[in-house]
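Asker: Next up is a structure, given as structure tokens.
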Amino acid sequence: MSLRARISTPEDHGSRGEDGHLVASYRAKLLEEIDLAEMSSLAAAERRARLERVLGHIISREGPVLSTVERSQLIRRVVDEALGLGILEPLLEDASITEIMVNGPDAIFVERGGRVEQLPLRFVSADQLMQTIERIVSTVNRRVDESNPMVDARLPSGERVNVIIPPLSLTGPTLTIRRFPRSFTLQELIGFGSLDERMVFLLAGLVQAKFNIIVSGATGTGKTTLLNALSGLIPAHERIITIEDSAELQLQQTHVVRLESRPPNVEGKGQVTIRDLVRNSLRMRPDRIVVGEVRGGESLDMLQAMSTGHDGSLATVHANSAEDALTRLQTLASMSDVEVPFVALHDQINSAVDVLVQLTRFADGARRITEIAVLDSHGGEPYRLVTVARFLAQPLTHDGRVYGTFEYFPLPRRTADRLYMAGQPVPQAFGVARTADQLATREAR
Ligand SMILES: Nc1ncnc2c1ncn2[C@@H]1O[C@H](COP(=O)(O)OP(=O)(O)OP(=O)(O)O)[C@@H](O)[C@H]1O
Ligand SMILES: [Mg+2]
């Protein structure tokens with residue numbers, strides 16, 4: 001078999017094969033002659049050119065006799081491996097790409113500007129894809145194999161990585177890389193049409209008056225981005241503790257303590273959960289607790305903190321509507337090891353949560369606030385949600401864009417009073433309801 005065939009045979013799954021050994025041995029030789037860390041100051045293209053040159057010398061010196069094509073293929077593959085992520089490398093360098101999705105060796109998709117496209121790229125084999133995946137997860141001291149077929153991790157450079165492999169994935173090794181999200185200011189988000197000036201005015205008042213706010217939305221709707229922007233409204237003198245699974249928040253204030261949970265290590269030890277961190281944060285004299293995403297039993301601790309003096313906390317939760325978010329918080333709180341009757345959790349949520357901000361990702365890729373709702377119920381009352389702002393979408397146009405308008409509704413008296421007492425103006429665009437029937441109210445259990 002020719003070397004070219006050996007280098008690029010897609011059937012070469014299972015064992016690393018002869019070509020794998022060849023690539024591995026040249027990679028080792030290359031790394032002996034060059035210090036990759038020292039090269040990290042070079043731009044990617046320069047780094048590649050330098051490696052190719054050095055490897056060229058090594059092959060001429062001691063390699064087999066090869067045709068020009070074989071030689072350049074060998075060089076490319078060895079350098080790809082040496083550089084780390086092979087064909088993913090240029091994608092990671094491309095700042096316009098926000099997400100990379102690899103569904104087995106033959107299907108690579110990326111998201112740019114909210115739109116997903118397939119690229120005309122493929123891995124040489126499932127085996128090569130697995131090697132790339134192994135290299136990625138090993139940088140964070142994790143392992144992926146049949147007995148541990150799912151990994152969720154963050155790279156040192158900030159990207160979030162999820163891996164799921166056969167037999168769980170029937171599509172082959174599947175890799176999802178989310179670029180470390182750029183943070184956006186509220187003004188930038190207004191520019192994207194995600195919300196408007198009036199909503200920012202209201203939200204600024206709510207944050208400064210220490211309302212507890214839950215940002216809710218499905219995956220990738222922009223929860224973390226909005227949470228980050230809203231956190232920017234917290235006054236500089238307050239002590240903020242942020243708690244996240246993978247630290248994405250980039251708060252600009254100086255008095256910030258950032259906490260990040262830790263998954264178990266390869267031996268299954270050393271795990272520190274969001275819940276552990278929430279509990280610990282209460283002993284750190286916080287003015288504000290910002291929880292990146294509530295997804296487990298920490299819901300209970302967070303709700304308790306919110307209703308016992310840690311006002312002004314912010315958190316996100318994965319849900320498709322404001323009422324969904326309440327149900328989700330309640331369900332998650334019931335999953336904690338402390339047995340709290342479901343009814344009591346309902347009371348807890350009524351006293352803890354003040355405002356819900358719902359995000360939606362539209363067909364054209366735009367992310368918008370689709371509702372701001374005040375939770376106006378107390379004790380054991382059914383959840384009473386009062387819509388104070390919403391996005392009214394128009395039908396999809398032929399240019400594939402979603403247009404619409406933001407609408408505003410009166411604030412409940414209690415909300416307006418609380419803003420007033422905190423020295424925050426009550427935004428005129430919304431007004432204050434004089435009677436209950438002026439409120440855009442709905443109930444949920
Ligand atoms: N308002 C927005 N307009 C345009 N792009 C946005 C907006 N908000 C977020 N994005 C982009 O969308 C992607 C996902 O954002 P983000 O991480 O904030 O979402 P998320 O809801 O927290 O996702 P997850 O559920 O995975 O935690 C990022 O690339 C981010 O830059
Ligand atoms: Mg997020």
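The values are calculated or read from the model by the stated rules, or taken from the named source; none is laboratory data. Please read these numbers as outputs of a predicted model, since none were measured by experiment. Every residue, glycine as well, gets a Cβ built from its backbone with ideal geometry; the counts of neighbours run over all protein chains shown. Remember, those area values only see protein heavy atoms, side chains included, never the ligands or the DNA or RNA. Shrake-Rupley method; radii C 1.70, N 1.55, O 1.52, S 1.80 Å.
Asker: Assess whether Ser281 counts as being at pLDDT 90 or above, of a type in the set (Ser, Thr, Tyr), surrounded by 17 or more Cβ atoms within 10 Å (Cβ to Cβ) and away from ligand 2 (no atom under 16 Å from the Cβ). Break it down into steps so the answer makes sense when it comes.
Answerer: Numbers: at pLDDT 90 or above: yes; of a type in the set (Ser, Thr, Tyr): yes; surrounded by 17 or more Cβ atoms within 10 Å (Cβ to Cβ): yes; away from ligand 2 (no atom under 16 Å from the Cβ): yes.
Yes.
Asker: Enumerate the strands (runs of 3 or more DSSP E) found wholly within the range 340-445, keeping only those where 3 or more residues are in contact with a helix residue (DSSP H, G or I) (Cβ under 8 Å, 6 or more places away or on another chain).
Answerer: Fully inside the range 340-445 and qualifying: 355-361, 367-375, 383-393.
Asker: Of the residues that sit in the range 210-239 and are of a type in the set (Gly, Ala, Ser) and surrounded by fewer than 24 Cβ atoms within 10 Å (Cβ to Cβ), which one is nearest to Met306 (Cα to Cα)? Give the derivation first.
Answerer: Restricting attention to the range 210-239, the residues satisfying the condition of being of a type in the set (Gly, Ala, Ser) are 216-218, 220, 222, 229, 231-232, 236.
Restricting the remaining residues to those that are surrounded by fewer than 24 Cβ atoms within 10 Å (Cβ to Cβ) gives 218, 220, 229, 231-232, 236.
Details: Ala218: 23, Gly220: 26, Ala229: 20, Ser231: 16, Gly232: 19, Ala236: 20 Å.
Per the stated criteria, the residue is Ser231.
Asker: Quick one: which of Glu89, Glu81, Glu117, Glu134 is part of a strand (DSSP E or B) and under 28 Å from the mean Cα position of the chain (by Cα)?
Answerer: So the residue among Glu89, Glu81, Glu117, Glu134 that is part of a strand (DSSP E or B) and under 28 Å from the mean Cα position of the chain (by Cα) is Glu117.
Asker: Give the residues of the range 397-413 that are open to solvent by 40 Å² or more (accessible area, probe 1.4 Å) and modelled with pLDDT under 95, sorted by residue number.
Answerer: Passing the criteria: Thr397, His398, Asp399, Arg401, Tyr403.
Asker: Right, something else. So, of the residues in the range 240-251 that are open to solvent by less than 20 Å² (accessible area, probe 1.4 Å) and outside any strand (DSSP E or B), which turns out to be nearest to Arg154 (Cα to Cα)? Can you show your working first?
Answerer: Applying the first criterion (open to solvent by less than 20 Å² (accessible area, probe 1.4 Å)) to the range 240-251 yields 240-244, 246-249.
Now narrow it down to the ones that are outside any strand (DSSP E or B): 246-249.
On the way: Ser246: 6, Ala247: 9, Glu248: 10, Leu249: 14 Å.
In this case the residue turns out to be Ser246.
Asker: Exactly one of these conditions fails for Glu197: (1) within 16 Å of ligand 1 (Cβ to nearest atom); (2) in contact with a Leu (Cβ under 8 Å, 6 or more places away or on another chain); (3) at pLDDT 95 or above. Give me its number.
Answerer: In the conditions (1) within 16 Å of ligand 1 (Cβ to nearest atom); (2) in contact with a Leu (Cβ under 8 Å, 6 or more places away or on another chain); (3) at pLDDT 95 or above, Glu197 misses (2) alone.
Asker: In addition: Tell me, which strands (runs of 3 or more DSSP E) wholly within the range 139-227 include 3 or more residues that are within 14 Å of ligand 2 (Cβ to nearest atom)?
Answerer: Details: elements: 150-154, 160-164, 174-178, 213-217.
Where strands (runs of 3 or more DSSP E) fall fully within the range 139-227 and carry at least 3 residues being within 14 Å of ligand 2 (Cβ to nearest atom), they are 213-217.
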